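K.L.:
Take this structure, written in structure tokens, and hold onto it; I'll ask about it next.
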Amino acid sequence: MVKDIRERSIDPASQEMLLSIQRAGLETAWDRLEKQQPQCGFGELGLCCRNCNMGPCRIDPFGEGPSKGVCGATPDIIVARNLLRMIAAGAAAHSDHARDAAHTFKLVAAGEAPSYQVKDNAKMERLMKEYGVNSQIALAEAVMAEFGMQEGPIRFTRRAPKKRLQLWQKLGIEPRGIDREIVEVMHRTHIGVDNDYANLILHGLRTAVADGWGGSMIATELQDVLFGTPSPVTSEANLGVLLPNQVNIIVHGHEPLLSEMIVAAAEDSEMIELARKSGAQGINVAGMCCTGNEVLMRHGVPVAGNFLQQELAVATGAVEAMVVDVQCIMPSLGALAGCYHTKLISTSPKAKFPSSTHMEFHEEEAFETAKAIVLSAIQNYQNRDPTKVHIPAERSECMVGFSVEAIIGALGGSLDPLLEAIKGGTIRGLAAVVGCNNPKVKHDFGHVNLVKELIKKDVLVVTTGCNALACAKAGLLRPEAAELAGEGLKGVCKALGVPPVLHMGSCVDISRILVTAAAIANALGVDISDLPAAAAAPEWMSEKAVSIGTYTVASGVYTVLGTVPPVLGSQNVVDLLTNGARDLLGGCFAVEPDPFKAAKLMIDHIDSQRRKLGI
Ligand code: BF8
């Protein structure tokens, strides 16, 4: 029996569902975390090496047991190698997502994916110019080639301020092809290759830059071309968006290639008619995690929640189908869905799950597959058990969809009003608050409190991923949330009619934040590292977040993590990431689990940057 469910989440809808799940005798990630206690100390410190079969080797942090692995690897080497493999996995996830978008874009160019069209021609033309090509197919081929390119540079690194680019070149971390950098991580971390922790970390930086200024940016740009560049739209967030009398379909995962089609299929009149015939009043699609962010910001599709709410959504007993593609999908879902009538439908050949129905999705016949998936959800409506339905009431309004283009639009066509507000001090600085949930942190507590503290002190917040969804649920993405901001920020938000926290999309869309930071730095004639800006991931857990944090630091941003990365086993690695990086890159990591203290660290950094800029 859990002592106090309020210790697990600050979100009333989640608390309600956690109680309901507990009463049903079922388990969630929070329960499994408890059962894992105490977690492996060697793993927590990054001191366990499984890279060859002389091991596994572990280093005793207290100096009483072995101080080296069988091959002679020191704590510095083991910690750095483990960190690099996390970066590689994260960069691979974002970049493989981008590859799928590029593949679809190429099929569209060749007329082989009739379900998709180019929605933003102007953006496509800008990209063609940037790549120096004059046809859609040539653009598709040029983008595809960037993944396996043997020599650099990848195109979008040219969007970074000149000083940043020169610094990357000087340090030898300007990335070549994205896949090449990831492969090189695996090579260097194989037994007996790179055994210099600093040299390893430099390559980690290069790989992460290939993610942020490569894979993630490609995903964002091509998704905008195919599905439209987001502009402000209002919607709602939290489990209360599930509807008692409709066929509820949750799209969960990351790639809008699938979710866009499900949204379109659910609007098909034939499908709506079938839903009515089955006794439902209609079809309700709701998002979850980052694919939720994608359809939220492009179509205003309501979002049921962030990472830790995926199990809670199934336990409402009101979900006919949870349709998943890739990333951040808990393997527990199939078994949990089996306790209700919910169908867990996997769609990617890369991602199959226990106890799921697999309906493979291919771009060439995307709409047809999406219709078959929606139909299977409709047919499942009759299996819903009304006695098991429990939908919390909470749903909060939100205004989302602040792409770079939308921000410039809201400012009246140029960044100048923002720059003036920053220079004049009405806006103290900028903060990017992003990242996951992690049951080690009270759900949404880090996100919501950090963001509230920042806006209170006149820091304009941009957000993506699960932080964005936490903010949406807490009402921070409404223009009315300006009332919670300091006087300066409040005035700017009220004048523009925007919230003090701007939703910029999914996790690959952190690339939008990089582009915004570069544009501001260029306008001020400085590097990103000179800006009164900081970043944070208060509840991060995924390897993607490790890659994101690393490219943020490589881009010159002071980045505060709310959970401790597995690096404490090497003081040298810790020093490099928290101090050495500052001298090398102008950005570095800090770790602070308390969101109030984290806000203070970020604001102190912003203030010191303001002083250096003389503003
Ligand atoms: O890419 S913030 S838990 S959903 S990894 Fe996953 Fe983390 Fe959420 Fe999106 Ni990002």
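Here is a yes/no grid of residues against (1) hydroxyl-bearing (Ser, Thr, Tyr); (2) under 20 Å from LEU258 (Cβ atoms); (3) assigned to a loop (DSSP other than H, G, I, E, B); (4) touching a residue at least 40 places away in the same chain (Cβ under 8 Å):
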| site | (1), (2), (3), (4) |
| --- | --- |
| LYS371 | no, yes, no, yes |
| GLN382 | no, no, no, yes |
| PRO392 | no, no, yes, yes |
| ALA406 | no, no, no, yes |
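K.L.:
Give the number of residues within the range 303-355 that are among the polar types (S, T, N, Q), within 16 Å of the ligand (Cβ to nearest atom) and buried (at least 22 other Cβ atoms within 10 Å of the Cβ). Spell out the reasoning first.
P.N.:
Going through the range 303-355, the residues among the polar types (S, T, N, Q) turn out to be 306, 309-310, 316, 327, 332, 342, 346-348, 355.
If we keep only those that are within 16 Å of the ligand (Cβ to nearest atom) too, we end up with 306, 309-310, 327, 332, 348.
Then keep just the ones that are buried (at least 22 other Cβ atoms within 10 Å of the Cβ); that gives 306, 309-310, 327.
Qualifying residue count, the range 303-355: 4.
K.L.:
Further, regarding this structure: Pick out the one residue from PRO175, PRO230, PRO153 that is open to solvent by less than 40 Å² (accessible area, probe 1.4 Å) and farther than 24 Å from HIS254 by Cα. Please lay out each step first, then the result.
P.N.:
Details: PRO230 fails: farther than 24 Å from HIS254 by Cα; PRO153 fails: open to solvent by less than 40 Å² (accessible area, probe 1.4 Å).
Exactly one of PRO175, PRO230, PRO153 is open to solvent by less than 40 Å² (accessible area, probe 1.4 Å) and farther than 24 Å from HIS254 by Cα, namely PRO175.
K.L.:
For the range 379-422, name all the residues that are within 30 Å of GLU320 (Cα to Cα) and open to solvent by 70 Å² or more (accessible area, probe 1.4 Å).
P.N.:
Within the range 379-422, GLN379, GLN382, ASN383, PRO386, THR387, LYS388, ALA393, ARG395, GLU397 qualify.
K.L.:
Looking at GLY55, is it in contact (Cβ under 8 Å) with a residue 24 or more places away in the chain and at negative phi?
P.N.:
Answer is no for this residue.
K.L.:
Please name all residue pairs, on different chains or six or more residues apart, with Cβ atoms under 8 Å, provided the first residue is in the range 449-464 and is free of Cβ contacts under 8 Å to residues at least 40 places away in the same chain and the second residue is of a type in the set (Asp, Glu) and more than 15 Å from the ligand (Cβ to nearest atom).
P.N.:
ASP458/GLU487
K.L.:
Anything in the range 537-564 that is part of a loop (DSSP other than H, G, I, E, B), open to solvent by 20 Å² or more (accessible area, probe 1.4 Å) and within 16 Å of the ligand (Cβ to nearest atom)? List them, or say none.
P.N.:
Of everything in the range 537-564, just one residue is part of a loop (DSSP other than H, G, I, E, B), open to solvent by 20 Å² or more (accessible area, probe 1.4 Å) and within 16 Å of the ligand (Cβ to nearest atom), namely MET541.
K.L.:
Then there is this: Assess whether SER235 counts as being closer than 30 Å to MET288 by Cβ, of a type outside the set (A, V, I, L, M, F, W, C) and part of a strand (DSSP E or B).
P.N.:
So SER235 passes the test.
K.L.:
Which residue out of GLY253, GLY287 is within 16 Å of the ligand (Cβ to nearest atom) and touching a Leu at 6+ places or on another chain (Cβ under 6 Å)?
P.N.:
Unique residue meeting the criteria: GLY287.
K.L.:
Does any residue of the range 503-515 turn out to be away from the ligand (no atom under 16 Å from the Cβ) and buried (at least 23 other Cβ atoms within 10 Å of the Cβ)?
P.N.:
no
K.L.:
Would it be correct to say that GLU294 is within 12 Å of the ligand (Cβ to nearest atom), charged (D, E, K, R) and assigned to a helix (DSSP H, G or I)?
P.N.:
Yes: the conditions hold for GLU294.
K.L.:
Select, from ARG32, ARG23, the only residue that is open to solvent by 30 Å² or more (accessible area, probe 1.4 Å) and more than 25 Å from LEU469 (Cβ to Cβ).
P.N.:
Testing whether each residue is open to solvent by 30 Å² or more (accessible area, probe 1.4 Å) and more than 25 Å from LEU469 (Cβ to Cβ) leaves just ARG23.
K.L.:
Out of (1) on the phi > 0 side of the Ramachandran plot; (2) touching a residue at least 60 places away in the same chain (Cβ under 8 Å), what's the single condition that is false for GLY172?
P.N.:
Single failed check for GLY172: (2).
K.L.:
Going by what's in this entry, would THR426 be described as more than 19 Å from ARG512 (Cβ to Cβ) and either away from the ligand (no atom under 16 Å from the Cβ) or in contact with a helix residue (DSSP H, G or I) (Cβ under 9 Å, 6 or more places away or on another chain) (or both)? Even if it seems obvious, please write down each step before you answer.
P.N.:
Values: more than 19 Å from ARG512 (Cβ to Cβ): yes; either away from the ligand (no atom under 16 Å from the Cβ) or in contact with a helix residue (DSSP H, G or I) (Cβ under 9 Å, 6 or more places away or on another chain) (or both): yes.
Spelling it out, THR426 is indeed more than 19 Å from ARG512 (Cβ to Cβ) and either away from the ligand (no atom under 16 Å from the Cβ) or in contact with a helix residue (DSSP H, G or I) (Cβ under 9 Å, 6 or more places away or on another chain) (or both).
K.L.:
Six or more apart or on different chains, Cβ atoms under 6 Å: show the pairs whose first residue is in the range 197-217 and over 20 Å from ALA101 (Cα atoms) and whose second is outside any helix (DSSP H, G or I) and open to solvent by 10 Å² or more (accessible area, probe 1.4 Å).
P.N.:
Final answer for the pair search is LEU200/ASP194.
K.L.:
Continuing with this model, one more query. Would you call ALA534 away from the ligand (no atom under 16 Å from the Cβ), buried (at least 23 other Cβ atoms within 10 Å of the Cβ) and aliphatic (A, V, I, L, M)?
P.N.:
For ALA534, the condition - away from the ligand (no atom under 16 Å from the Cβ), buried (at least 23 other Cβ atoms within 10 Å of the Cβ) and aliphatic (A, V, I, L, M) - is met.
K.L.:
Anything in the range 365-404 that is of a type in the set (Phe, Trp, Tyr) and over 29 Å from ASP11 (Cβ atoms)? List them, or say none.
P.N.:
Scanning the range 365-404 gives a single hit, PHE367.
K.L.:
For the range 429-441, which residues satisfy the criterion of being within 15 Å of the ligand (Cβ to nearest atom), of a type outside the set (S, T, N, Q) and either in contact with a Phe, Trp or Tyr (Cβ under 6 Å, 6 or more places away or on another chain) or within 30 Å of GLY614 (Cα to Cα) (or both)?
P.N.:
Taking the range 429-441 first, the residues within 15 Å of the ligand (Cβ to nearest atom) are 432-441.
Narrowing further to those that are of a type outside the set (S, T, N, Q): 432-436, 439-441.
Matches in the range 429-441: ALA432, VAL433, VAL434, GLY435, CYS436, PRO439.
K.L.:
Another question about this same structure. For the range 442-465, how many residues meet the condition of being open to solvent by 10 Å² or more (accessible area, probe 1.4 Å) and either within 12 Å of the ligand (Cβ to nearest atom) or of a type in the set (Lys, Arg) (or both)?
P.N.:
Residues in the range 442-465 being open to solvent by 10 Å² or more (accessible area, probe 1.4 Å) and either within 12 Å of the ligand (Cβ to nearest atom) or of a type in the set (Lys, Arg) (or both): 4 in total.
K.L.:
Taking interchain pairs and intrachain pairs at least six residues apart, which have beta carbon atoms under 8 angstrom, with the first residue in the range 575-595 and closer than 13 Å to VAL564 by Cα and touching a residue at least 40 places away in the same chain (Cβ under 8 Å) and the second open to solvent by 60 Å² or more (accessible area, probe 1.4 Å) and not in a helix (DSSP H, G or I)?
P.N.:
Taking only residues 6 or more apart or on different chains, the pairs are PRO593/VAL564.
K.L.:
Also, I was wondering about something else. Of a type outside the set (Asp, Glu), touching a residue at least 24 places away in the same chain (Cβ under 8 Å) and out of contact with any Lys or Arg (no Cβ under 6 Å at 6 or more places or on another chain): which single residue out of ALA495, ALA474 fits that description?
P.N.:
ALA474
The values are calculated or read from the model by the stated rules, or taken from the named source; none is laboratory data. Everything numeric here is computed off the predicted structure, so don't read it as measured data. Virtual Cβ from ideal backbone geometry, glycine too; neighbours counted across all protein chains shown. Note: accessible area is taken over every heavy atom of the protein model, side chains too, but ligands, DNA and RNA are not part of it. Shrake-Rupley method; radii C 1.70, N 1.55, O 1.52, S 1.80 Å.
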